[in-house]
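Please treat every number below as a calculation from the coordinates, not as lab data. Quick caveat: nothing in here was measured; it's all calculated off a predicted structure. A quick note on method: Cβ atoms are made from the backbone with ideal geometry, for glycine too, and the neighbour counts reach across all protein chains shown.
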Amino acid sequence: MSITVLPKELSELIAAGEVIERPASVIKELVENSIDAGASRITVEIRNGGSVYMRITDDGCGIAPEEVPTAFLRHATSKILEKADLDNIHTLGFRGEALASVAAVGRVEMLTKQAGAEYGVRYQIEGGTECGMERTGCPEGTTIVIRDLFFNVPARQKFLKKDVTESNAVSAIVQKIALSHPEIAFTLIRDHRREFHAAGDGTLYSAIYAVYGRSFAQDLLPVSYSENGISLEGYVIKPLYAKNNRSLQTFFINGRYVKSVTCSVALEEAYRTLVMTGKFPACVLMLTVPPETVDVNVHPAKAAVRFTDEKRVSSAVFFGVKNALMQNGLIYEFQMRP
Ligand code: ADP
Ligand code: MG
């Protein structure tokens, strides 16, 4: 076969597949956009696992009417301008890929209005093809509705799991994000029922209470620690209430939810001898590290991070957690050093 450059529609679909695997990845990207837009309330609604219908509403800054079509172009972003910005990222997004990707594989409708603007716009784009833009009256902020995810990629559709599994994945993502932003009010509506509502009063504890319920919240110990420029705030579970798996180990680095083996290992190391084999500590821990010591530019889904100094991070988690356990009389000082 001879070598040809792929037509734009095809390369768009391939690129979209990198960012969007399932409804939960759409929700993650769009909720992060709402946060970057400075929203103080975010409502997520999904039906039938999300592939049929998803809606994200925020009261953030909105988008200027003339910039809406640009926002849907690949690599279009308001968050970075030049190479140097990559080393100092303060927003959750920066790749300018989410809206383009969602628009490539779904039927998207956006309503958006900037604060103080006279009118907003309704913009529609389906499978990468623009199909309508009009002025409209709407509340300040942005609402995005996505219908029929992967309607044009049957192969992807086949990989979607049962509705309940996809819905659970969406819930898990919205939960983590709600925990990482206790100052934002989050509501998740799943098949017409409200699954949780976090009031956004600013405290991590009430976010945990809203998301995981009272009994989990009651079994926690506070953590507050800092060492070597890394600070650690949050909660860990009392050893007696350790869980059967790691799904309740939640780590945030500079406000971003991450999966970090380094952090999990350090956490579990701190609980060694306190929990039985096969049991795992749960936590919600917020790490603040100097931005230049963490690389979030590892994968489009951005759940992975790389630290310039793994040891420093692991030590902060280990001693921060040990300290909390010690202050609550669960271990003694001489057990601090491994
Ligand atoms: P990125 O978040 O990486 O910049 P996206 O494709 O997710 O890329 O979004 C493109 C741009 O559209 C953003 O940079 C932002 O300016 C704008 N945008 C997207 N979602 C929202 C929103 N909910 N509120 C305000 N602006 C938004
Ligand atoms: Mg984004």
Inset, instruction - In a Gaussian network model over the chain where Cα atoms closer than 10 Å are linked, find which of Phe307, Phe196, Phe159 has the largest mean-square fluctuation. - result: Phe159
Inset, instruction - Considering only lysines 8 or more places apart in sequence, or on different chains, count the pairs in the range 8-198 whose C-alpha atoms sit under 26 Å apart. - result: 15
Legend entry - Potential lengthening between Thr136 and Leu248 on full extension [0.36 nm per residue; Cα-Cα distance subtracted]: 36.0 nm
Legend entry - Sparse-neighbour loop sites [GluC sites (Glu not before Pro); the range 24-72; at most 10 other C-beta within 10 Å; DSSP]: none
Inset, instruction - Rank Thr77, Thr308, Thr250 by mean-square fluctuation in a GNM of the chain with C-alpha springs under 10 angstrom and give only the top-ranked residue. - result: Thr308
Legend entry - Given charges at beta-carbon only (K, R positive; D, E negative), |dipole| of the range 8-198 in Debye: 720
Inset, instruction - Sort His192, His90, His181, His197 so the one with the fewest other Cβ atoms within 10 Å of its own Cβ comes first. - result: His192, His90, His197, His181
Legend entry - Using alpha-carbon coordinates, inclination of helix 310-327 to the longest axis of the chain, degrees: 60
Inset, instruction - Multiply the residue separation of Val261 and Glu67 by 0.36 nm, subtract the distance between their alpha-carbon atoms, and state the gained length in nm to one decimal. - result: 65.9 nm
Legend entry - Using a Förster distance of 41 Å, the FRET efficiency for Ser2-Val164 (Cβ separation, nearest 0.05): 0.30
Legend entry - Theoretical ellipticity at 222 nm over the chain - DSSP helices of four or more residues, -39500 (n - 2.57) apiece, nearest 500: -9000 deg cm²/dmol
Inset, instruction - Starting with the fewest neighbours, write out Val145, Val170 ranked by other beta-carbon atoms found within 10 Å of each beta-carbon. - result: Val145, Val170
Legend entry - In nm, spacing of pseudo-spin labels at Arg41 and Arg147 (7 Å Cα→C-beta vector): 2.6
Inset, instruction - Could you check which residue among Gly137, Gly234, Gly106 shows the biggest mean-square fluctuation in a GNM of the chain with a 10 Å Cα cutoff? - result: Gly137
Inset, instruction - Calculate how many DSSP beta bridges within the chain are antiparallel, expressed in % of all such bridges and rounded to the nearest 5. - result: 85
